[in-house]
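Here the structure is laid out as structure tokens; the discussion comes afterwards.
The values are calculated or read from the model by the stated rules, or taken from the named source; none is laboratory data. Just so it is clear, the model here is predicted, and its values are computed rather than measured. Cβ placement follows ideal geometry from the backbone for every residue including glycine, while neighbour counts extend to all protein chains displayed. Side chains are part of the model used for accessible areas, which takes the heavy atoms of the whole protein and leaves out ligands, DNA and RNA. Shrake-Rupley method; radii C 1.70, N 1.55, O 1.52, S 1.80 Å.
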Amino acid sequence: MTSDMRVLAVNGGSSSIKLALFKAGDPPQRVLHGEIERIGLPGTCFRVESLNPAESFSRPLPGPDQGVAVSALMDWLDRRKGADAATAVGHRVVHGGSKYTQPQRVTASMLAELRILSPLDPEHLPEEILLTETLHRRFPGLPQVACFDTAFHHDLPRVARLLPIPRRYEALGVRRYGFHGLSYAYLMEELARRAGPNAAEGRVILAHLGSGASLAAVHHGKPMDTSMSFTPSSGVPMSTRSGDLDPGLAGYLARTEQMTATAFSEMNRARSGLLGISETSSDMHALLACEAADVRAAEAVDIFCYQVKKCVGSFVAALGGLDTLVFAGGIGENAPTVRTRICEGLGCVGVELDEARNAANQGVISPAASRVAVRVLRTDEAAMIAKAVFQVLGPQ
């Protein structure tokens, strides 16, 4: 690993581009972080927070579209010279299909294959490909590394991986892939660091609860099951995604409302979940604030908590018990009320909360004598991306 490398970790999506710059270290050291937010909406903003206050800023961007956002990022990179310049870029790539299971340098053939996978995740993959290609055109000598969110789950047990549809589709790559893998990899490393290797080797359920939400069951440090399946729209309800649905609903809506497959997919991905149930907001914080006065908001929160709780219970059965439950993600890390509602009724499997610790968002929110350790860990996908880039591009 060369000491002068500086890695820009990028997480590009349809509504935001998150970034963080790291310098070499063990672990890599974060120099700054930032985000272009509200892409496609009024009030698009580019903000950066740096260890060097002179580099920090927040400014609006003219024109709320992806092209303006990407252009602003390119210009910012171009202005960073000398020791401040990024020497490599790492990308979170949501879907690697069945082929890409390890971080690796971006190539033209890889991008061609990822373009074929784009229909599996139209919310993220097209933007990730666009950003990668634009970076290459603007900075052709800048190495780029793709880090795949599906890689963590690649070796799921076959009983969890195989979908109950005609077997021939497996050969076409139709399987349970699972997502949020960069987050889960970080959380397992952090669990081992904080609680010791024995905890990480135990029966662990990880709940990454944010605008996208999923859970993973891990034993002996290996993934055993996960709630998301072939696409990131499956599993538990999310901010705008439905989670699991009866497959017969697509046919019913096609017959009764002439809804096309494309329209059904768009509804399922962008107009369902918390937003669809509440009819007002996709934001958990906003729904909690108004649930007492709006039954729709209350039902959205209740359904989210119920489905996550149900998933935890099913994973306890799959693992044969539970030693550690971890909450992470924007909701999991910052919403004590949601954690309380999820854990209510899980006393039968040993889950208890210390309400004072939970209200304070402490690292351990279960009582000292609890059979199951319940933890709140702040995930850091950017750190995992940076670590992977240093490993891929460092001395061989």
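Rolling a 1.4 Å probe over the protein heavy atoms of the stretch 189-293, with every protein chain left in place, gives an accessible area that is 54 percent carbon and sulfur.
Using Cα positions and a limit of under 29 Å, work out the lysines in reach of K309, with same-chain residues fewer than 8 apart set aside. In chain and number order, the partners are K222.
Take the Kirkwood radius over Cα pairs of the stretch 202-242, plug it into Stokes-Einstein at 37 °C and 0.692 mPa s, and you get 309 µm²/s for translational diffusion. Annotation: per residue accessible area for the chain equals 45 Å², rounded to a whole number [probe 1.4 Å, protein chains only]. Under the membrane-span-like helix rule (DSSP H runs whose alpha carbons stretch at least 15 Å along the helix axis, mean Kyte-Doolittle hydropathy -1.0 or higher), the chain yields 66-79, 125-138, 181-195, 295-319, 381-393.
For the chain, the normalised intensity computed at q = 0.07, 0.09 Å⁻¹ comes to -0.33, -0.55 (log10 of I(q)/I(0), Debye sum over alpha carbons, equal scatterers, no solvent).
Counting only other residues whose beta carbon sits under 12 Å from that of I342, what net charge do I get with K and R as +1, D and E as -1? Let's see the in-between values first.
Numbers: positive: K309, K310, R339, R341; negative: D302, E344.
Counting the neighbours of I342, the net charge comes to +2.
What base-10 log of the normalised intensity I(q)/I(0) is obtained for the stretch 294-396 from the Debye formula, alpha carbons as equal point scatterers, at q = 0.11, 0.16, 0.24, 0.25 Å⁻¹? Evaluating at q = 0.11, 0.16, 0.24, 0.25 Å⁻¹ gives log10 I(q)/I(0) of -0.43, -0.75, -1.27, -1.34.
If you average 1/r across every pair of different Cα atoms in the stretch 159-260 and take the reciprocal, what Kirkwood value do you get, in Å? With all distinct Cα pairs of the stretch 159-260 included, I get 15.4 Å. Over the stretch 1-128, the alpha carbon radius of gyration divided by the compact-protein estimate 2.2 N^0.38 Å works out to 1.12. Note on the chain: GNM, Cα springs under 10 Å; of L41, L209, L114, the largest mean-square fluctuation is that of L41. Amide H contacts for I39 (H built 1.01 Å from N in the peptide plane; partners 5 or more residues away or on another chain; cut-off under 5 Å): S16. Divide, for the stretch 56-168, the radius of gyration over alpha carbons by 2.2 N^0.38 Å, where N is the residue count. Ratio of Rg to 2.2 N^0.38 Å for the stretch 56-168: 1.29. Distances between placed amide hydrogens fall under 5 Å for F179 paired with M228, all partners being 5 or more residues away or on another chain.
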